[in-house]
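Heads up, the thing below is written out as structure tokens.
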Amino acid sequence: MSATETPAGNVDMKLEVDIIPVSDVDRSKKFYEGLGWRLDADDAPLAGLRIVQFTPPGSGASVTFGTGLTNAAPGSSEGGLTVSDIEAAHAELVGRGIDASDVWHGPPFPAEARQPGPDPGRTSYGSFFSFTDPDGNTWLVQEITTRLPGRVDAAGTAFASTADLAGATYDIDGGQQLIQRQAARGVDHGVPGYIRHPSSGGHPGGRG
């Protein structure tokens, strides 16, 4: 290995964007606005292409949907959100009119193994609930209060509030495309990236 080569496993790769398939872009936009997620973009750079991006509170990764982005069937996506207080997060979503499942503990899968209520000891990684968007794309919400050793840098585990719906997001659908952050596209305002189509004058990748 030369002095300029980077040892395997030492290069940071952070999830930037998760594309979810939807059938009605405006309906989905209204739903994700109702979650309290931040709208980052709603662009239509060319005919047949529309890009809508939202970022959950506290999340370093974003969710993108629109037209001309994916051939996946609407409702086929499954994603995960982490929160520091499962009951506070559940109460906030229900208060926003979201039809969330009851909180449960035990294994998330299969459904028959789930036990009602939060984990009795509030063990980290032990409590869950779920909800779906209008197309049936599923979001699994998990309480994490203490990360496993080596999982993430301790400095990055803080939440802005107990109602934050995502300290991190992860993709559990192998068919989803993970987009790596693109470096230095103009002034950095701290807004996570969204996908630009090559023919629109940009490049596949992130902004920010």
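The values are calculated or read from the model by the stated rules, or taken from the named source; none is laboratory data. In this text, all values refer to a predicted model and were calculated from it rather than measured experimentally. Neighbour counts run over all protein chains shown; Cβ positions are idealised from the backbone, glycine included.
From the list Asp164, Asp119, the one residue that fits, being part of a loop (DSSP other than H, G, I, E, B), of a type in the set (Asp, Glu) and at pLDDT 95 or above, is Asp119. Go through the residues of segment 53-74 one by one and say whether even a single one is among the aromatic types (Phe, Trp, Tyr) and free of Cβ contacts under 8 Å to residues at least 40 places away in the same chain. Looking through segment 53-74, at least one residue is among the aromatic types (Phe, Trp, Tyr) and free of Cβ contacts under 8 Å to residues at least 40 places away in the same chain. Selection within segment 92-127: residues that are closer than 20 Å to Glu33 by Cα and free of Cβ contacts under 8 Å to residues at least 12 places away in the same chain. The member of this set that is nearest to the chain's Cα centre (by Cα) is Val94.
Residues in segment 52-76 that are crowded, with 19+ Cβ neighbours inside 10 Å and of a type in the set (Ser, Thr, Tyr) were compared, and the one that is nearest to Gly36 (Cα to Cα) is Thr55. Among the residues of segment 77-125, which ones are among the acidic types (Asp, Glu), surrounded by fewer than 20 Cβ atoms within 10 Å (Cβ to Cβ) and under 28 Å from Gln53 (Cβ atoms)? Once the filter is applied, which keeps residues that are among the acidic types (Asp, Glu), surrounded by fewer than 20 Cβ atoms within 10 Å (Cβ to Cβ) and under 28 Å from Gln53 (Cβ atoms), segment 77-125 yields Glu78, Asp85, Asp99. Considering segment 134-156 alone, what residues qualify as being over 17 Å from the mean Cα position of the chain (by Cα), at pLDDT 85 or above and not in a loop (DSSP other than H, G, I, E, B)? None; the set is empty.
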